[in-house]
Amino acid sequence: MNLFINPAAVRKHSTAIVLLGVANLLIGFFAIVFSGMTTLLSVTTLGFILVFAGTSEIVFGIKTRKEGNLFFHLAMGAFAIAIGVMLLNNPVGNAIAITMLIGALFMVSGSVRVVGSLVERFPNWGWVAFSGLVSSVLGVLILNQLPSSALWVIGMLVGFEILTFGMSMLRIGLAGRAISDRVEAVRPLRTVNS
């Protein structure tokens, strides 16, 4: 059963959940403050992951060559390794390329949300249009500030992701403690009334 669907499990593990939330809040904060370092670390980590994944793909292809698809596994593995090595050889240059893609993604996805919400006019369409407008503006800002934005955009996004995860875990853990406190307060009443 999923921990966060089961209130008893949340109550039981609330301290661990709070600690996870606080740790992620701190890591997210430092990732944002040191976004340049976080960007380079993220690009480098992605490079290592792709090299490892590509190597695993090739090994799998060789071990299962009798079942067919050897060429497919070798090609996909070699492609992943090549991309990973490129990322490792020039993390700053590749951070610029990734930041360009992020800026373009924000612009396009934001524009689609604005147009879609204006055309469809579904319930609360204004919020979706506003969200799309913010994404589009962020995309333009990111692209207009290249190459300097490449030094902080990826790290900032990674930091915000970690920070928001930490906030959600902290909130869930504190709610679990509140549930636990209420259950403990009611428990003596049940034994007296029994």
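The values are calculated or read from the model by the stated rules, or taken from the named source; none is laboratory data. Since the structure is predicted, the reported quantities are computational estimates derived from the model, not experimental observations. So basically every Cβ, Gly included, is an ideal-geometry build from the backbone, and we count neighbours across all protein chains shown. Remember, those area values only see protein heavy atoms, side chains included, never the ligands or the DNA or RNA. Shrake-Rupley method; radii C 1.70, N 1.55, O 1.52, S 1.80 Å.
Worth a mention:
- Signed unit charges on C-beta, dipole axis of the chain, positive-most listed residue 16, 124, 112: 16
- Dipole magnitude of the chain, debye to nearest 20 (Cβ charges: Lys/Arg +1, Asp/Glu -1, about Cα centre): 640
- Overall, the ratio between the Cα radius of gyration of the chain and 2.2 N^0.38 Å, rounded to two decimals, is 1.45.
- Rounded, prolate or oblate (a/c below 1.5 giving rounded, otherwise prolate when a/b exceeds b/c) for region 1-70 by Cα gyration tensor: oblate
- Calculated FRET efficiency for the pair residue 23/residue 178, C-beta based, R₀ 30 Å, to 0.05: 0.90
- Spin-label model, residue 60/residue 112: points 7 Å from Cα along the beta carbon direction are separated by 2.7 nm.
- Over the residues of the chain, the helix contribution to mean residue ellipticity at 222 nm works out to -30000 deg cm²/dmol, using -39500 (n - 2.57) for each DSSP H run of at least 4.
- Where region 81-147 is the region considered: accessible area per residue in Å², 1.4 Å probe: 61
- Extension gain from residue 122 to residue 52, taking 0.36 nm per residue of separation minus the Cα-Cα distance: 20.7 nm
- Relative to the current alpha-carbon distance between residue 165 and residue 130, full extension at 0.36 nm per residue lengthens the span by 10.3 nm.
- Rounded to 10°, Cα long-axis angle of helix 70-89 versus longest principal axis of the chain: 80
- Relative to the longest principal axis of the Cα atoms of the chain, helix 14-33 runs at roughly 40 degrees.
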